[in-house]
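Notes follow the structure.
The values are calculated or read from the model by the stated rules, or taken from the named source; none is laboratory data. From a predicted model like this one, the values you see are computed outputs, not experimental measurements. Quick reminder, even Gly has a Cβ in these numbers, built from the backbone with ideal geometry, and neighbours come from all protein chains shown. For accessibility, only protein heavy atoms count, side chains too; no ligands or nucleic acids. Shrake-Rupley method; radii C 1.70, N 1.55, O 1.52, S 1.80 Å.
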Protein chains: 4
Amino acid sequence: MILRLGQIELYVSDLDQSEKFYVDTLGFIKVNRTDSSLYLRATDEFDTHTLVLTESEDISLANFGLRVSSEDYLDELQALHKEMGIETEMVEGVHPGRGRTLRVAEPSGHPVEFYHSMQQIDVGEGRPGVEKLPMRNTHIFNGIPPVRIDHMNLRVESVDEAWKYWERIGFSISEYVQDGDEKFAAWTRAKTSTHDVALVKQEETALHHIAYIVDGVSAVVRTADLLADAGYRDSVEYGPGRHGVSNAFFLYIRDPDGHRIEIYSGDYNRDQDLPPIGWTKEDYDAKGRLWWGPAVPDAFFETTPVNKDWIGSKVKN
Amino acid sequence: MILRLGQIELYVSDLDQSEKFYVDTLGFIKVNRTDSSLYLRATDEFDTHTLVLTESEDISLANFGLRVSSEDYLDELQALHKEMGIETEMVEGVHPGRGRTLRVAEPSGHPVEFYHSMQQIDVGEGRPGVEKLPMRNTHIFNGIPPVRIDHMNLRVESVDEAWKYWERIGFSISEYVQDGDEKFAAWTRAKTSTHDVALVKQEETALHHIAYIVDGVSAVVRTADLLADAGYRDSVEYGPGRHGVSNAFFLYIRDPDGHRIEIYSGDYNRDQDLPPIGWTKEDYDAKGRLWWGPAVPDAFFETTPVNKDWIGSKVKN
Amino acid sequence: MILRLGQIELYVSDLDQSEKFYVDTLGFIKVNRTDSSLYLRATDEFDTHTLVLTESEDISLANFGLRVSSEDYLDELQALHKEMGIETEMVEGVHPGRGRTLRVAEPSGHPVEFYHSMQQIDVGEGRPGVEKLPMRNTHIFNGIPPVRIDHMNLRVESVDEAWKYWERIGFSISEYVQDGDEKFAAWTRAKTSTHDVALVKQEETALHHIAYIVDGVSAVVRTADLLADAGYRDSVEYGPGRHGVSNAFFLYIRDPDGHRIEIYSGDYNRDQDLPPIGWTKEDYDAKGRLWWGPAVPDAFFETTPVNKDWIGSKVKN
Amino acid sequence: MILRLGQIELYVSDLDQSEKFYVDTLGFIKVNRTDSSLYLRATDEFDTHTLVLTESEDISLANFGLRVSSEDYLDELQALHKEMGIETEMVEGVHPGRGRTLRVAEPSGHPVEFYHSMQQIDVGEGRPGVEKLPMRNTHIFNGIPPVRIDHMNLRVESVDEAWKYWERIGFSISEYVQDGDEKFAAWTRAKTSTHDVALVKQEETALHHIAYIVDGVSAVVRTADLLADAGYRDSVEYGPGRHGVSNAFFLYIRDPDGHRIEIYSGDYNRDQDLPPIGWTKEDYDAKGRLWWGPAVPDAFFETTPVNKDWIGSKVKN
């Protein structure tokens, strides 16, 4: 089975600029930096990294990775994709610490990776007891480090079409917005939280934002403080406010390349077999998108393009 | 000497409506309700009430009260106002629990009261130890009750003119905005916090907002949650965000009559003899008004008129 | 598959006394009260109730329930228990809103229920959008209501023996303490959090505590404030402090019958296929039990007996 | 008039060791380090430093300083001390940035300094708006930096005798404990908070603790986390818990030399002319000392000796 969103790779223009923003300011933990990539994780994560920033001229979503429960399941997934007529590629050595990786473009064109084997941080060596839990290193954290990776918000031409794929690979919907005959949006997940992958209708395939959880309402607010104090006031794009859908207390920030990150707290867990919560488009526009908060600024509708150089990609933007 | 802002009276259209908003929803402590007035206080206050809502057809700022250090000082203040050529009135029995009260209209037209004697809540009787501290009643609080009254934000035609008065009665400036030859704004105080009375330039004498402190960043956010949950989403007018001036983390809300209340946390203390912090108008527009946060909505420029039926008032709005 | 701990039933001596503590003070949501039982839930829960308090002369753990993914899986579980030689009982109508229920005593003697069908709260009717999310009712909450049920801490004679059972029904271990040849403790789970069921060695089968999550560090502290303010100071038994194992920021409280509840925040998620984190008994005694915090009081070693009138029970305490 | 506690000097054994604890771990801002002293301040302070750690073989309270409203008032204070028959010394250049300083030993033997002129941090230069408020530098803070200095807790042989002195120099009592004919303790202040100087009965003149305010309940807890994570678990001496007197949510920590620091949040403001809140010794023992929290450990009764080499000192411990 698919367990969760485990990794995101973004193409960025300048690693120094990215390191200053993500590591020196926000407080992401710097795991490694190679000539081309910066490897980062949040504080309560056991995978050695969850965010990869890779220098490229093509500023876009490089891909995102979903962790699966076993190596065998990777083979099952490859077979399932073949059944669906989707081109696949099984590769090794994609990133340090990663095992076999199945690559596909999902039908909307988003670049997806599946993997099982992933290097874990050391939880047992060193001073007795001390390094067992990564989060017990608050004395060496800086900024307001995120706690863990949570989800992607993707833009797709047809949510109903996209949902067919995600349902086929085992996702369930936590909440959705029905607009007449079609879904306007669906929050889909492999884990019990509200979403790993949100699907929202837009003319072009794109990434709207990635999301990391922080430690409660005050950490969301202190992230905005931190950015403004460090001279990144323009990076504070939208919020804070409360979403109706998902219940998240959100802040949307933009990195130096314009990639949008939701820094949030407060969504809920719900068993995956339970029926999704449906909103009409009217309800959603009135209360679902925004339970309370400031009016949406125009910039919030800008999106990040997706990697066009990907196996089977048909994205042309 | 003048100690601090101690009380505010607002004219409202309907006490039931106000009680639902202030008491049942926000969690102000209801001290008393008479035919005409609702008496409220916050959780960490010892004065029996700090906010009075009085039913009137004239929705406006009725007056605000400054507590002074002694009865003798009231007489000194009366003499000082006579010296300044300001009409005064010494009255008794203004509100339950209040002693002698000196009434004046300050030169811009704002209705001000000075008083010393004020009924205190019982801090020693009853169950041993239990009622000694009012804030140790969290089991009977509801909503997100404010912690204590803090300040008024007044609009005046000339800040420099207004400041002459406040300086004369012993206030100091914590921060100010200089716009060419004149002050655009000044945050003035009798206590060591950033302000009891803020003065901001506007064509007409008016009240912009009153302010209560809440318990930290998360209480500010949960106040917005509370209002939206209770069906008062439109009362969440502006914020949350961070002011540069005063360092406050703010949320501006509107009561059912449109009176604006700043719910905030995080300003600082500074000795009153130290020189004020000055901002140019450019700095203020760039960083002072808003360190970070959403764009100011138009409604935020609306103000509450002030009581015209007040001794010596020349306000005509 | 088994999804999670979903329900706990405790025998209590007096429903009025329990309602005053759990509902009027702590802020559990009162769903229903019958002649014999009080049905409660936390704020971010969709099951109509997760805690049942039933009046009985035998103050003990009545049972706890684990929700499974389907009705078919209930039948599979019954077959599996028969294979293990464990007596089973399939019953209906146990509690309002509950479907078929499989009852067993696990080998240590703890009374367990498995069920799939469970009545959900209404998430779509009423005022548009308003009741969709249960947590968006902060205006009617009181106290510091817990957010959701999390785990049980059970005392068993042999952790290794007990673990054989829990492993067989699909649980995994997040952390454990090795004491020479045997495990002193194991934190086992069906979901990705650190535990649904903790197993700790003790001479007699017993319940040490049940646990509910609250909203962050400050809600843990405010729960202690709330109890002391309401006259329940003696209910604040141990903490707050930080556990090394699980990383939880904890407060242990006792209800009027002595049942212990952990009110906590801050444990982590980790994929279930990853190897458990092991502590030696020395490490655990030095840092694992208590990362920092006050010395353990004697009362903390008291436990709640388990229901002896249960199918197949061999418990004699 | 006396404004507030403004500065504390402690004798320590090793500046490197102190810097690691106060600066590298807790996050005090390092202002300067000379051969003999380390100068520190908290985040929301405008005085260039409030804590001085000076290397000495005599680990003790070197002295503490109270800021007064003017240079003239220093002279008045000197005259007043002469009237009281207390030896005085007026010195200059005590610490960098400090003006004239009046030194006395108060009758119990505590070394006190009074001063008016104190160097302020720069609030107006540099990047426009950016350095105006010192607290808007969260991007360069580490640890959980304290917000501001608050009070000293002194041990004196007779509280009634000590109070005569503090009353004479203009302090008022916020709360006190009456034990038969004498006061067991008195919380006295120059500002409107609950105390600048607490006086508690003990056989020997000593310092019990100094206190810094942090940003709310969660910062208190995160300070304990921080210390334990950094390997200073034994420095977490007592708490967290809630005091009845003063309402403070407290954590007591010990520095590497054993000096005790209260890290706290949540006391209240109250006008100085209002009558103090009295506790009987019985009430205080039951609820006042500890509203809720862990039992007091023996180490908590240890104290720091006071400087014997001080003008007029009669302390012999």
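General observations
- Size of charge dipole - chain C - debye, nearest 20, with Cβ of Lys, Arg +1 and Asp, Glu -1, no other charges: 700 debye
- DSSP-defined beta bridges in the range D:2-301 - what % are antiparallel, rounded to 5: 70 percent
- With a cut-off of 13 Å between beta carbons, the residues surrounding residue D:107 carry a summed charge of -3, where Lys and Arg count +1 and Asp and Glu -1.
- Restricting attention to the range A:156-280, close to 70% of DSSP beta bridges with both partner residues there are antiparallel.
- DSSP bridge pairs, the protein assembly as shown: antiparallel proportion in percent, nearest 5: 70 percent
- Accessible area (Å², 1.4 Å probe, nearest 10) - residue B:171: 10 Å²
- Partner chain coverage, peptide B:244-256 - average Cβ within 10 angstrom: 2
- Helices that extend 18 Å or more along their long axis by alpha-carbon positions and average at least 1.6 on the Kyte-Doolittle scale are absent among the DSSP H runs of chain C.
- Computed E for residue D:34/residue D:273 - FRET, C-beta separation, R0 25 angstrom, nearest 0.05: 0.05
- Taken along the Cα-to-beta-carbon direction at a fixed 7 Å, the label points for residue C:167 and residue B:280 span 7.3 nm.
- At least 50 Å² accessible surface lost relative to isolated chain, residues of the range A:19-59 (1.4 Å probe): A:46
- Those lysines that a straight Cα-Cα span of less than 27 Å connects to residue B:191, excepting residues fewer than 8 apart in one chain: B:30, B:82, B:132, B:164, B:183, B:201, B:281, B:287, D:132, D:164, D:191
- GNM top mover of A:211, A:190, A:286 - chain A, alpha-carbon springs below 10 Å: A:286
- At 7 Å out from Cα toward Cβ: residue A:91 inter-copy label distances (nm, ascending): 5.7, 7.1, 8.0
- Chain D residue with Cβ closest to the axis mapping D onto B, distance in whole Å: D:216, 2
- The range A:1-109 gives an Rg/Rh value of 1.00, both radii derived from C-alpha positions and Rh following Kirkwood.
- Kirkwood Rh, Cα atoms: Rg over Rh of the protein assembly as shown: 0.97
- Computed over protein heavy atoms with a 1.4 Å probe, the carbon and sulfur contribution to the accessible area of the range D:2-301 reaches 44%.
- Relative packing of A:228-237, D:72-81, which averages over residues the other C-beta atoms within 10 Å, highest first: A:228-237, D:72-81
- Residue A:16 versus residue D:119: modelled label distance in nm, points set 7 Å from Cα along the beta carbon direction: 3.4 nm
- Here r is the Cβ-Cβ distance between residue B:84 and residue C:301 and R0 is 45 Å; the resulting FRET efficiency, rounded to 0.05, is 0.05.
- Annotation: per residue accessible area for the protein assembly as shown equals 34 Å², rounded to a whole number [probe 1.4 Å, protein chains only].
- Heavy atoms of residue A:195: accessible area, 1.4 Å probe, square angstrom to 10: 10 Å²
- Test item: B:291-299 mean partner chain Cβ contacts at 10 Å: 5
- The mean number of partner chain beta-carbon atoms within 10 angstrom of a residue's beta-carbon across peptide A:208-219 is 4.
- Residue-averaged 222 nm ellipticity for chain D, from DSSP H runs of 4+ at -39500 (n - 2.57), nearest 500: -4000 deg cm²/dmol
- Summed over both chains, the contact between A and C buries some 3100 Å² of accessible surface at a probe radius of 1.4 Å.
- Shape analysis of chain D yields a ratio of the Cα radius of gyration to the Kirkwood radius, Rg/Rh, of 0.94.
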